[in-house]
Amino acid sequence: MSMHIRNRDCCVCAERHRCSAHGVAAAILGFAFVLLTASAAAAGDAPLTLADALRLAEARAPALAASTAAASAARDLGVAAGQLPNPVLSVGVENVPADGPDAFSLTRDFMTMRRIAVMQEYVSQDKRSARRERAEREALRLESERSVARTEIRTEVTSAWYDRSYARRAGALLQSFDDELAMQQRVVEAQVRSGKASAGDVLAVRAMQVQVQDQVRNVRRQQEAATLRLERWLGADARRPTADEPGPSATAASAALAAHDAQDTPPLRVLESQLALSDAEVTVAELDRRPNLSWEVAYALRGPSYSNMLSVSVSVPLPLDRVDREDREVAARLAQRDQARALLDDARRREHANFAVLRGDWQTLRERGEALERTLLPVTRQRLAVQLAAYRSGQVGLTGVLEARRAEVEAKLQLLDLKRDAARLWAQLQHTYLASAADPGVQP
């Protein structure tokens, strides 16, 4: 009996140990899950840098995947174009009697043959190489178009990222001013009750607060619009807060622009690849003026009393109307090549002019921003300090102080607008003209 009790106690203790072990394991797993969840949440709330936005946009852009697939298809077609046509197998019965005593017999009439033949069209190695080269140049043209699509995506994402970043800064500035006005409203209302201020001061503060709140709503709408533009490319990651990143020096950016001649851009590369494709089309058309040869080998079985037959033949098309057929196609391809060359020349002029205009506008915006930061901002701060001193001494009313403070905020907003416009232009300059010379994360 005592032995049975001891065994039962041991079983109970072992069960308790197992339950305790399961509880510890469950606690460890739960703690690990909490840590992983917290890590994922922290990663989701991490600031969205410009480099992250560009990387995510390129990885998730269907247009880039479509262009890659198109180029791959062109290369596969090029491999197929470099092969000989499939041989043709022919099986049949010839000269079968239709009436008489040997009707429908395959062996009694000497002219009846059961025939099997193989025919092959021969396309010269030059033609096949030219067609393969044409397909390869088509693939290069499609890859150039992918480069254009990539440039447009990077430009749009960069512009939206800057719009959102500067709208957030403007919103924070205006919200801070609105908070100051709300506090000033309470102070003035208390002063009115004590007779130290007039009702006009209360109305002045309230009117300015209404105007500032309207600006806050407008800036928030701009920020939301920029976020929605980013959502097209980034999905839910567009809702992550943007990171504050320092831009490069104006000297380095100006040097990069000065060293560029606008002769190597994605749109120009597309037209250059189109011209190369037109050259290949001309080569193919000229080679197609030479007809292809076809040969055939046939073996015919006759009746047991007759000999079997072996036939070999060669056929070639007769270019009886070459002037209005093959020559017309060559002339058309030559005209298309002239068209591609003219479009390339026109695009080079256009890109050169566009680059000069964008570079001049960007430099002007930078100079205006530097001038405002150097001259206007110190003046508005000095004006505010003078008005505050005069207000404390009773020389001016509250309206003068509010106007001075508003002028300072407006000057800062004007500077932010200039920086935002410069950022938009820099996005075009960088991704269209300086993609090979600048880091993708460089900012204005």
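The values are calculated or read from the model by the stated rules, or taken from the named source; none is laboratory data. All of these numbers come straight from a predicted model, not from anything done at the bench. Please note: Cβ atoms are built from the backbone with ideal geometry, for glycine as well, and neighbour counts cover all protein chains shown.
Among residues of the stretch 393-404 that are over 15 Å from Val188 (Cβ atoms), those with a beta-carbon under 8 Å from a residue that is charged (D, E, K, R) and modelled with pLDDT of 85 or more at least six positions away or on a different chain give the pairs Ala404/Arg383.
In the stretch 105-127, the residues that are acidic (Asp, Glu) form Cβ pairs under 8 Å with partners that are assigned to a strand (DSSP E or B) and surrounded by 13 or more Cβ atoms within 10 Å (Cβ to Cβ), at six or more places apart or across chains, as follows: Glu121/Leu293; Glu121/Ser294.
Can we say Asp327 is touching a residue at least 12 places away in the same chain (Cβ under 8 Å) and under 18 Å from Leu434 (Cα atoms)? Let's see the steps before the verdict.
Numbers: touching a residue at least 12 places away in the same chain (Cβ under 8 Å): yes; under 18 Å from Leu434 (Cα atoms): no.
Against the criterion (touching a residue at least 12 places away in the same chain (Cβ under 8 Å) and under 18 Å from Leu434 (Cα atoms)), Asp327 does not qualify.
Yes or no, residue by residue, for (1) at pLDDT 90 or above; (2) touching a Pro at 6+ places or on another chain (Cβ under 8 Å); (3) farther than 16 Å from Arg424 by Cα; (4) of a type in the set (S, T, N, Q):
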site	(1), (2), (3), (4)
Gln175	yes, no, yes, yes
Met208	yes, no, yes, no
Val216	yes, no, yes, no
Ala238	yes, no, yes, no
Pro241	no, yes, yes, no
Ala255	no, no, yes, no
Ala259	no, no, yes, no
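Go through the residues of the stretch 199-221 one by one and say whether even a single one is under 30 Å from Arg150 (Cα atoms), in contact with an Asp or Glu (Cβ under 7 Å, 6 or more places away or on another chain) and buried (at least 20 other Cβ atoms within 10 Å of the Cβ).
Narrowing the stretch 199-221 to residues under 30 Å from Arg150 (Cα atoms): 219-221.
Within this subset, residues satisfying the condition of being in contact with an Asp or Glu (Cβ under 7 Å, 6 or more places away or on another chain) are none.
Checked the stretch 199-221: no residue is under 30 Å from Arg150 (Cα atoms), in contact with an Asp or Glu (Cβ under 7 Å, 6 or more places away or on another chain) and buried (at least 20 other Cβ atoms within 10 Å of the Cβ).
Of all residues in the stretch 119-139, none are more than 14 Å from Pro85 (Cα to Cα), of a type outside the set (S, T, N, Q) and in contact with a Phe, Trp or Tyr (Cβ under 7 Å, 6 or more places away or on another chain). Among the residues of the stretch 179-199, is there at least one that is among the small types (Gly, Ala, Ser), touching a residue at least 60 places away in the same chain (Cβ under 8 Å) and in contact with a Ser or Thr (Cβ under 8 Å, 6 or more places away or on another chain)? Within the stretch 179-199 (the criterion being among the small types (Gly, Ala, Ser), touching a residue at least 60 places away in the same chain (Cβ under 8 Å) and in contact with a Ser or Thr (Cβ under 8 Å, 6 or more places away or on another chain)), the answer is no, since none of the residues qualifies. Scanning the stretch 115-167 for residues that are small (Gly, Ala, Ser) and surrounded by fewer than 20 Cβ atoms within 10 Å (Cβ to Cβ) turns up Ala117, Ser124, Ser129, Ser147, Ala149.
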